[in-house]
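Heads up: the structure comes next, in structure tokens.
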Amino acid sequence: MSRIPFKIGQPKKQIVPKTVERDFEREYGKLQQLEEQTKRLQKDMRKSTDADLAMSKSAVKISLDLLSNPLCEQDQDFLNMVTALDTAMKRMDAFNQEKVNQIQKTVIEPLKKFGSVFPSLNMAVKRREQALQDYRRLQAKVEKYEEKEKTGPVLAKLHQAREELRPVRDDFEAKNKQLLDEMPRFYNSRLDYFQPSFESLIRAQVVYYSEMHKIFGDLTQQLDQPGCPDEQRERENEARLSELRALSIVADD
Amino acid sequence: MPQKEPADMTSHGDDALSSRTGAPGGDDRLSEDRSLLQQRLAVRELLDTEVSYLHVLQLCASDIRSRLQQLPQGDLDVLFSNIDDIIKVNSRLLHDLQETASREEEQVQLIGNTFLEFQEELEQVYKVYCASYEQALLLVETYRKEPELQREIQGIIEAVLPQAGPSGLSFLLVIPLQRITKYPLLLQKILENTLPDASAYAVLQRATSALQDVVTNINEYKRRKEVASKYTKVEPLSLRERLARINTHTLSKKTTRLSQLLKQEAGLVPRTEDKEFDDLEEKFHWVSLCVTELKSNVAAYLDNLEAFLRFRPQDYNLEIPGGPVVQYCYLARDLQLQAFPEFKQQLEAQVWQPLCSLAKALAGPQNLIKKRLDKLLDFERVEEKLLEVGSMTYEEEAARHTYQALNSLLVAELPQFNQLAMRWLSQILCAFVTLQRDLAKQVLQRAEDSLAQLPHHHLSEPAFRKLVEDALGQTSHQLHAFQENFEKVLPPPTTQPLLPGAERQVQALLSRYGPGKLYQVTSNISGAGTLDLTLPRGHIVALLQNKDTKGNSSRWLVDTGGHRGYVPAGKLEVYHVVPTEEELRGQARPHKDSQHQTPEPTSAPVPSVPTVTQVVAVYPFVARSSHEVSLQAGQRVTVLEAHDKKGNPEWSLVEVNGQRGYVPSSFLARAPSPAPWGWSLPS
């Protein structure tokens with residue numbers, strides 16, 4: 001983990017075996033990836049639901065503005081149509097809100113909770129790193145004294161250095177082991193953790209779109225306009241336009 | 001033009017007659033005969049010309065038109081307009097006229113009746129042709145500019161109708177116009193040669209004026225169309241062009257209109273009230289409002305739809321190989337690639353585009369309404385002038401005419417416009433609704449497939465929601481556990497074990513200064529100035545001042561127990577010997593560098609020297625008041641509150657030997673028992 005080139009203060013002995021280092025990096029790397037993905041997923045889900053709400057609100061505005069036009073007072077048929085449309089839009093908006101609430105509760109909140117573990121993990125990894133640094137430093141110190149001529153003062157200092165080293169080494173070993181145990185467990189927990197959320201997400205869509213199908217299906221019947229295929233609609237629209245253009249008061253362009 | 005005999009002959013003939021006989025009756029009979037002859041000739045002319053006219057029309061419509069292959073159908077429609085309808089009407093007219101030939105006496109009367117019958121139809125059918133004639137001429141002009149094309153056209157025409165001459169197409173196209181204007185003249189000629197007292201006369205007279213009316217109406221219709229097209233054009237003029245348009249003429253027009261309007265507003269001039277028009281205009285205004293509002297609301301809806309489609313939660317990879325997560329990703333991808341884009345496309349084609357066309361169509365009537373008002377103001381001023389002066393100029397007459405044309409045009413067509421627009425609007429709204437239903441159907445088809453593969457698809461929705469709630473509650477606890485475990489990885493111990501012989505020094509400092517003032521050196525300090533100390537790492541000092549004489553707060557004055565001097569504040573860390581309040585209560589000490597996002601505070605262990613709580617009185621203490629309690633050295637005490645009533649931590653409330661009272665906090669100590677580094681002791 002420390003990429004400082006060899007200098008005074010670095011131990012000669014490789015205190016952490018390469019395999020352990022590699023394992024640690026691999027496990028931590030996976031978790032770092034997972035952290036990023038869950039963060040971005042949470043953000044996207046939130047933005048997606050915001051856009052969903054906005055869409056629904058603008059649909060409601062369509063019928064609301066129509067309803068407030070004075071034409072409704074003059075034309076009974078128009079009024080009936082617009083009222084039916086308004087009712088439908090308002091109901092859909094309510095269902096949409098419910099859908100969003102469900103998503104908030106069962107997807108976005110859990111994502112947030114999952115993400116909130118990462119700062120603690122990252123801190124723990126940092127501390128392990130710190131411990132490793134201390135360990136290395138003290139190890140180097142011990143090695144320094146070991147290489148010197150074994151005089152009285154030197155021996156005393158060596159003894160003291162060894163005393164200092166021991167707890168620090170134990171500390172590092174403990175942290176290392178703890179993380180190597182916990183990290184994979186945490187990583188694997190995602191499998192069971194997220195399944196309920198996504199199941200809930202799918203079901204919420206089904207509930208919402210079932211209502212939508214029913215409400216707009218009923219409305220289509222009520223408006224007495226059976227669904228016509230796209231080409232026919234196009235022809236209808238062209239016919240309407242031609243009718244208007246046939247009038248002298250309509251400009252040709 | 002009725003043929004006039006040379007004036008000489010007539011008068012000469014009459015004189016001769018009258019001088020010979022002297023009786024008027026004979027003159028009359030002769031002129032009668034002549035008239036009758038003229039009449040017959042005129043009738044003959046009418047029928048013959050009708051035959052040849054029809055013949056030419058038929059050649060144009062069939063032979064010539066079918067051979068003009070190189071022209072696009074749209075052009076042919078403009079050129080020949082409704083010539084087929086004209087042929088139909090005129091064929092029947094001819095047939096009826098020819099029938100009259102069998103009844104000689106009444107022929108003239110029958111001719112008159114026939115024309116009266118056909119008056120309406122002729123007006124309808126020629127009106128259309130004449131209105132598009134101008135455009136047809138424009139086309140002919142464009143063809144003339146292409147010599148190759150021109151030659152081809154000319155060739156075709158000459159092959160069929162050589163008498164068309166060099167002007168070919170335009171010669172042919174004007175023929176119906178000429179014909180319809182000729183009818184009144186032909187009839188007039190017959191009329192002139194009919195005796196006024198004959199029964200046919202009245203009928204023929206009516207027929208002649210009727211055909212005259214037809215021509216007038218056709219002209220009026222044409223004029224209206226011209227006026228309409230002049231004012232409905234919304235030309236995108238540049239500023240320069242606009243400026244160029246303003247000349248003294250238009251300026252004076254505008255100022256007179258303004259003054260007229262002001263006069264109206266001031267009540268000086270009666271406003272021409274036209275309830276019918278006002279109602280129409282009001283309805284048109286609401287229709288416009290409806291269209292423009294709907295258009296902008298639909299635009300907003302489409303924008304939001306677009307924004308919604310930009311987010312793709314299914315793209316993120318949690319490395320989960322199966323189950324609902326994967327199901328969802330498939331579903332979402334499917335919806336985003338197919339169902340929603342299709343929906344958007346259909347919305348644009350069936351709702352947005354028509355709304356745009358409808359909105360554009362509003363411009364024409366809006367302009368005309370505005371122009372009508374302008375012309376109305378002009379008209380009113382003209383009327384005023386007429387009252388004052390008794391006459392008006394040609395220009396003024398034209399203004400009046402224009403106003404009337406615009407007014408009648410709008411009154412005729414605005415109701416239709418309103419009705420058509422409303423009809424279209426309703427259809428557009430229905431399309432919107434249908435598309436929503438279709439989208440729902442599409443999504444459901446796919447989502448229900450996914451649903452069937454979910455583990456709990458058999459559960460009802462409420463049951464499922466309960467299940468999820470429980471599951472999430474459980475996993476929430478698990479996450480907590482993980483978080484706590486990670487937080488148990490403590491920072492490496494920053495305090496060094498005391499150097500041998502330092503304990504006594506620490507005690508001395510402690511008793512003199514109290515526990516809050518002790519600091520430990522975190523890394524070797526080499527003093528530079530005379531007042532700066534040189535201390536090894538781990539040394540304990542007591543704080544005297546947290547700034548130097550110059551006010552520099554990063555240089556602290558400390559006491560080592562032997563020496564006093566300055567050390568850099570950054571190399572000192574608080575040294576704990578005595579338990580602080582938080583430790584005693586086992587509460588979380590906020591970490592300087594970690595953020596807790598979970599709502600429940602987790603208990604964080606002591607960041608520095610991990611100790612076991614054991615409180616022992618270090619020094620003897622004699623209570624000086626009833627609030628205090630006495631201590632003996634080495635006595636065990638229980639700390640109730642690590643501060644006094646005012647919050648001062650230098651006194652602690654303790655219980656000892658069943659007595660309660662305050663003692664100096666610095667007289668209490670914990671006996672540190674070593675715990676393994678990096679773990680908190682199990683609670």
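Worth a mention:
- Of all the numbered requirements in (1) assigned to a helix (DSSP H, G or I); (2) touching a Leu at 6+ places or on another chain (Cβ under 6 Å); (3) open to solvent by 50 Å² or more (accessible area, probe 1.4 Å), B:Leu386 misses one, and that requirement is (2).
- Filtered residues of segment B:277-291 (kept if in contact with a helix residue (DSSP H, G or I) (Cβ under 8 Å, 6 or more places away or on another chain) and closer than 11 Å to A:Asp65 by Cα): B:Cys290, B:Val291
- Qualifying residues in segment A:61-71 (those that are closer than 20 Å to A:Met92 by Cα and crowded, with 18+ Cβ neighbours inside 10 Å) - the one farthest from the other protein chains (Cβ to nearest Cβ): A:Ser63
- Which numbered condition B:Ser288 fails, given (1) more than 10 Å from every other protein chain (Cβ to nearest Cβ); (2) farther than 25 Å from B:Arg423 by Cβ: (2)
- Filtering segment A:99-136 to residues that are out of contact with any Leu (no Cβ under 7 Å at 6 or more places or on another chain), under 28 Å from B:Ser523 (Cα atoms), charged (D, E, K, R) and surrounded by 16 or more Cβ atoms within 10 Å (Cβ to Cβ) leaves A:Asp134, A:Arg136.
- Residues in segment B:523-568 that are open to solvent by less than 50 Å² (accessible area, probe 1.4 Å), part of a loop (DSSP other than H, G, I, E, B) and more than 23 Å from B:Ser666 (Cβ to Cβ): B:Ser523, B:Gly527, B:Gly529, B:Leu533, B:Asp548, B:Gly551.
- Residues (among the basic types (Lys, Arg) and more than 30 Å from B:Thr475 (Cβ to Cβ)) located in segment A:193-223: A:Lys214
- When B:Cys329 is tested against the conditions (1) at the interface with chain A (Cβ under 10 Å from one of its Cβ atoms); (2) at pLDDT below 90; (3) part of a helix (DSSP H, G or I); (4) surrounded by fewer than 21 Cβ atoms within 10 Å (Cβ to Cβ), the lone failure is (2).
- Of all residues making up segment B:291-324, the number that are more than 7 Å from every other protein chain (Cβ to nearest Cβ), free of Cβ contacts under 8 Å to residues at least 24 places away in the same chain and in a helix (DSSP H, G or I): 5
A quick yes/no check of all residues on (1) more than 7 Å from chain A (Cβ to nearest Cβ); (2) in contact (Cβ under 8 Å) with a residue 60 or more places away in the chain; (3) part of a loop (DSSP other than H, G, I, E, B):
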position	(1), (2), (3)
B:Ala399	yes, no, no
B:Thr402	yes, yes, no
B:Leu406	yes, yes, no
B:Glu413	no, no, no
B:Leu420	no, no, no
B:Leu425	yes, yes, no
B:Gln442	yes, yes, no
B:Gln445	yes, no, no
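- The lone exception for B:Leu93 - which of (1) over 30 Å from B:Ala202 (Cβ atoms); (2) open to solvent by less than 10 Å² (accessible area, probe 1.4 Å) it fails: (1)
- Taken over segment B:447-489, residues that are within 7 Å of another protein chain (Cβ to nearest Cβ) and either among the polar types (S, T, N, Q) or open to solvent by less than 20 Å² (accessible area, probe 1.4 Å) (or both) amount to 14.
- Criterion applied to B:Phe343, B:Phe379 was being assigned to a helix (DSSP H, G or I) and touching a Phe, Trp or Tyr at 6+ places or on another chain (Cβ under 9 Å), and the one residue passing it is B:Phe379.
- For segment A:28-57, the set of residues classified as crowded, with 18+ Cβ neighbours inside 10 Å, facing chain B (nearest Cβ under 8 Å) and of a type in the set (S, T, N, Q) consists of A:Thr38, A:Ser48, listed by residue number.
- Number of positions in segment A:139-169 that are assigned to a helix (DSSP H, G or I) and either among the hydroxyl-bearing types (Ser, Thr, Tyr) or within 11 Å of another protein chain (Cβ to nearest Cβ) (or both): 9
- Residue in segment A:148-167 that is closer than 29 Å to A:Arg22 by Cβ, open to solvent by 10 Å² or more (accessible area, probe 1.4 Å) and under 32 Å from the mean Cα position of the chain (by Cα) present: no
- Scanning segment B:417-443 for residues that are more than 14 Å from B:Gln345 (Cβ to Cβ), over 22 Å from the mean Cα position of the chain (by Cα) and open to solvent by 10 Å² or more (accessible area, probe 1.4 Å) turns up B:Gln419, B:Leu420, B:Arg437, B:Lys441.
The values are calculated or read from the model by the stated rules, or taken from the named source; none is laboratory data. Here the structure is a predicted model, which means the values were calculated and not measured. Neighbour counts are summed over all protein chains in view; Cβ atoms, including those assigned to glycine, are modelled from backbone coordinates with ideal geometry. Accessible surface areas use protein heavy atoms only, side chains included; no ligands, DNA or RNA. Shrake-Rupley method; radii C 1.70, N 1.55, O 1.52, S 1.80 Å.
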